[in-house]
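Okay, so here's the structure we're looking at.
Only the coordinates and a few stated rules stand behind these numbers; no lab work does. In this text, all values refer to a predicted model and were calculated from it rather than measured experimentally. All Cβ positions, glycine included, derive from the backbone under ideal geometry; neighbour counts span all protein chains shown.
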Protein chains: 4
Amino acid sequence: MQLRDLREQVLDANLELVRKGLVLYTFGNASGIDRERGLVAIKPSGVDYERLTVEDLVIVDLSGQILEGTLNPSSDVKTHLLLYREFPSIGGVVHTHSEFATGWAQAGKAIPCYGTTHADYFHGEVPVTRPLTDEEIEADYEFNTGVVIAARFKHLDPLAVPGVLVANHAPFAWGKTAAGAAYNAVVLEYVAKLAFRTVLIKGEAATVSSRLLRKHYERKHGPKATYGQKQGE
Amino acid sequence: MQLRDLREQVLDANLELVRKGLVLYTFGNASGIDRERGLVAIKPSGVDYERLTVEDLVIVDLSGQILEGTLNPSSDVKTHLLLYREFPSIGGVVHTHSEFATGWAQAGKAIPCYGTTHADYFHGEVPVTRPLTDEEIEADYEFNTGVVIAARFKHLDPLAVPGVLVANHAPFAWGKTAAGAAYNAVVLEYVAKLAFRTVLIKGEAATVSSRLLRKHYERKHGPKATYGQKQGE
Amino acid sequence: MQLRDLREQVLDANLELVRKGLVLYTFGNASGIDRERGLVAIKPSGVDYERLTVEDLVIVDLSGQILEGTLNPSSDVKTHLLLYREFPSIGGVVHTHSEFATGWAQAGKAIPCYGTTHADYFHGEVPVTRPLTDEEIEADYEFNTGVVIAARFKHLDPLAVPGVLVANHAPFAWGKTAAGAAYNAVVLEYVAKLAFRTVLIKGEAATVSSRLLRKHYERKHGPKATYGQKQGE
Amino acid sequence: MQLRDLREQVLDANLELVRKGLVLYTFGNASGIDRERGLVAIKPSGVDYERLTVEDLVIVDLSGQILEGTLNPSSDVKTHLLLYREFPSIGGVVHTHSEFATGWAQAGKAIPCYGTTHADYFHGEVPVTRPLTDEEIEADYEFNTGVVIAARFKHLDPLAVPGVLVANHAPFAWGKTAAGAAYNAVVLEYVAKLAFRTVLIKGEAATVSSRLLRKHYERKHGPKATYGQKQGE
């Protein structure tokens, strides 16, 4: 069995989604990539998290060819692979139907940056894609789900905005590693929940100032980060 | 004791409702049918889930005659039996007063298909029945609850839309087996929760396109299913 | 130590509030009465539920005199005692600040009967008291809290409507026993939650018909009850 | 290692935030002060609660100099210190991004006193600060967060109103001890949740009368307190 370390990281990223209440039954999947070898480990399709093992994970290359594994990969594998190809800086991808983020995705609305919890992790709104056209749905649906995400990020840095809402569908999140992707998916759900409460209390809530956004983002990220125990963590 | 396998499946379907937080106290019931013998195993009325055993389950035939069991069957048994008679393709029925689905039922509103989570399991909106008339309530209430459900499904395939909201009451769900019925009841509650969040974020949220509805439904169901490890699961 | 059975029932009623998530810290209290002897066992004030024992419970007579116990009784003891004097049919009283029922109480609105879950336990709306006057607050606050509840029930049967919302405050519930009072407090919170969801989905939701209200109430209560294993339970 | 008692109290206050569901990952921090020695124990920045020990806590003086500890203190340490300097009556400070209180903070709205749960602990609304100016964000952000809190409390007693919402950010709470600060943070979140429900049920809900506010506050605080087992607790 190849890539044991990567498999263990990806397994733990999948289980973190369960621990944090982001998945019902099998509604979600996490993957991670070994950039040097160009290989991705991803959750198999429709397998219960409770009995998921490192051996169950499927290894595919960036073209989607299965190199190791007897199970089918997640039905969303083509979306994951497109994101790895389009966003060279990322090392992990997570997809969930988590409750609040999916509420925003179904409403077709980006999550405005209403506060510093959001600004700590997302440099600006959590964007929403355009809906897929009938042709895109028909032709190669999961691939085209990745296409509309990549199109939305044409002018965005995927590490500064590590997640997106697919319209009428649900969130994808990513990060430098599979663990980071899971962490960002959890934070995205939390930010979606806070924003839901905010708009219900006061629909016309003002978003944070651009200065406050930058301040909080830079406290946690980049050369001037002051949060935590290691610079730039 | 007859039908041990069926009893065990029905017991587990009842307990799944507890594990997933769909029932408070004794507010819910699951049943399953042995189609060859025409016998139904159903939860007894008002018995705590914590002490429910396979022996407690009540065996009735499709006319409602009790064939095995010393306890009264669920007070909703006539609704279950009517559904088994009207929908020959189903093998299990579940009734709950789960929180969000009941919110929609009490509002008298069908749950629109706002996203792919919904489309994965329900081929279109989750319909709502008309209210029962005073005469229907008076004459044979539980039987007539089944009548208004069956009337609502006159032009619907119960396996393509495996659940319904009874107006002013609560949801019923069903499936090919008792386990499938419980699973669909859990998904129905999740879909009701997502739709609640969606309408509060954006009341006029657009529903999914008919093409996206079909695509997601077919990914999980029928000859072209690609989800999971077995075709057509 | 007197009244061990009553003490054990009252202790368990208090703990049921914790098990069902109705209390934060010490925000709540349950009591029970021995009608033959005219003695009430009630939770002491401000004692953590985790370390509450039968010995900690305080025994008072209906005039409020402490007969057994070294701790102060709940600060709401005068409200409990007034309810026992005004409602001779009840055997237990519970007060909580549970999340959804308190939301309705703070809004100063009765909970309309939107569905059969409600109709199963409350024969009509869960009423709300008028606010206390400044004089009532000043003079004998906890006693007068009972006075406004009793005034609201002048034309209601407390066993048919086993709970109330005190305006700007929170719910009280009661029952034939301390266990029944705790059960009704849990159901009241559930009904308040369902109604909250219902009004947010459709503000102008219709309440149940008087016929459906009677049908569901009578399925669970009185000589024609068909729910559960014992008639009239 | 100095100040073992204070360290243990501060550690437990931090863990209480976890037990009560107020923190996700490392989003929160608690501190406590030894007034005689002028020393503060505070959570280190970005350390998981699960592996937090008394040794990890950082000891700083009121000017912010680190006297003991190898880890960086919480990035919010300057806010804590300013509050200790400005509010001589307090002995503990807590900062969280708890779900409902942060919803109100992001909406930029004070939490009105809608009921007695609130009045029991906060003598009037939970106030909200003004937003920080761009200059305040740029110059010394965490210090200036304390400045806008102190400015908002110019005419308020911090022990009578033991918490605040920082606009676009999240709540701070405090108390006579670190344990009291954590307790007040938990109650603030509960009050924020009740108020959220109240405004959704009835946007124009009336707040409690000034007499009821005083009555409930005085039941739990000051020389006339009647709640609990010890006067004036």
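Annotation for residue A:53, label-to-label distances across the other copies: 3.5, 3.5, 5.0 nm (shortest first, one decimal, point 7 Å from Cα along Cα→Cβ).
Centroid-to-centroid, using Cα positions, the range D:144-219 and the range C:60-95 are 32 Å apart.
A cut-off of 5 Å between modelled amide H atoms, ignoring neighbours fewer than 5 places along the same chain, links residue C:126 with C:111.
Could you give the distance between the Cα centres of the range A:1-55 and the range C:1-55, to the whole Å? Using only Cα atoms to place each centre, the spacing works out to 48 Å. The angle between the Cα long axis of helix B:134-152 and the longest principal axis of the Cα atoms of chain B comes to about 50 degrees, rounded to the nearest 10. Listed values for the range B:64-79 are Karplus-derived 3J(HN,Hα) couplings in whole Hz (6.51 cos²θ - 1.76 cosθ + 1.60, θ = phi - 60°), namely x, 6, 7, 9, 8, x, 9, 9, 5, x, 2, 5, 8, 4, 5, 5, and x replaces Gly and Pro. With R₀ set to 41 Å, the beta-carbon distance separating residue C:155 from residue C:49 gives a calculated FRET efficiency near 0.70. Looking only at the range D:88-120, which residues have a backbone nitrogen under 20 Å from a spot 7 Å from the Cα of residue D:61 in the C-beta direction? Flagged as within label range: D:88.
Close amide H contacts of residue A:175 (hydrogens built in the peptide plane, cut-off under 5 Å, sequence separation of 5 or more or a different chain): A:91, A:92, A:181.
For chain C, find the longest principal axis of its Cα atoms and tell me its angle to the long axis of helix C:4-19, 0 to 90°, nearest 10. Tilt of helix C:4-19: around 50 degrees. For the rotational copy relationship between D and A, the axis lies nearest to a chain D beta carbon, identified with its distance in whole angstrom as D:200, 4. Mean separation of Cα pairs under 8 Å and 6 or more residues apart, divided by the residue count, gives chain A a relative contact order of 21 percent.
Residue A:176: which lysines have alpha carbons under 25 Å from its alpha carbon, excluding same-chain residues fewer than 8 sequence positions away? Output for residue A:176: A:20, A:43, A:78, A:154, A:193, A:215, A:220, A:224, A:230. At a Förster distance of 56 Å, what's the computed FRET efficiency of residue A:19 paired with residue D:34, Cβ-Cβ distance as r, to 0.05? Rounded to the nearest 0.05, the efficiency is 0.90.
Amide H to amide H distances under 5 Å link residue D:72 with D:45, where only residues 5 or more positions off or on other chains count and H is placed in the peptide plane. Sequentially through the range B:184-200, phi angles give Karplus couplings (6.51, -1.76, 1.60; θ = phi - 60°) of 5, 5, 5, 5, 4, 4, 5, 5, 5, 5, 4, 5, 4, 4, 4, 5, 6 Hz, Gly and Pro residues having no value and appearing as x.
Shielding by partners for peptide C:187-198, expressed as the average number of C-beta atoms from other protein chains within 10 Å of each residue's C-beta, is 5.
Of all aspartates and glutamates in the structure, the ones whose alpha carbon falls short of 15 Å from that of residue B:202, not counting any fewer than 8 places away in one chain, are A:204. Computed from backbone phi with θ = phi - 60° and the Karplus coefficients 6.51, -1.76 and 1.60, the 3J(HN,Hα) list for the range B:156-162 is 10, 8, x, 7, 7, 10, x Hz; x is used for glycine and proline.
Between residue D:229 and residue D:5, the distance separating the two model label sites (each 7 Å from Cα on the Cα→Cβ line) works out to 2.1 nm. Panel order for D:200, D:83, by other beta carbons found within 10 Å of each beta carbon, from fewest to most: D:200, D:83.
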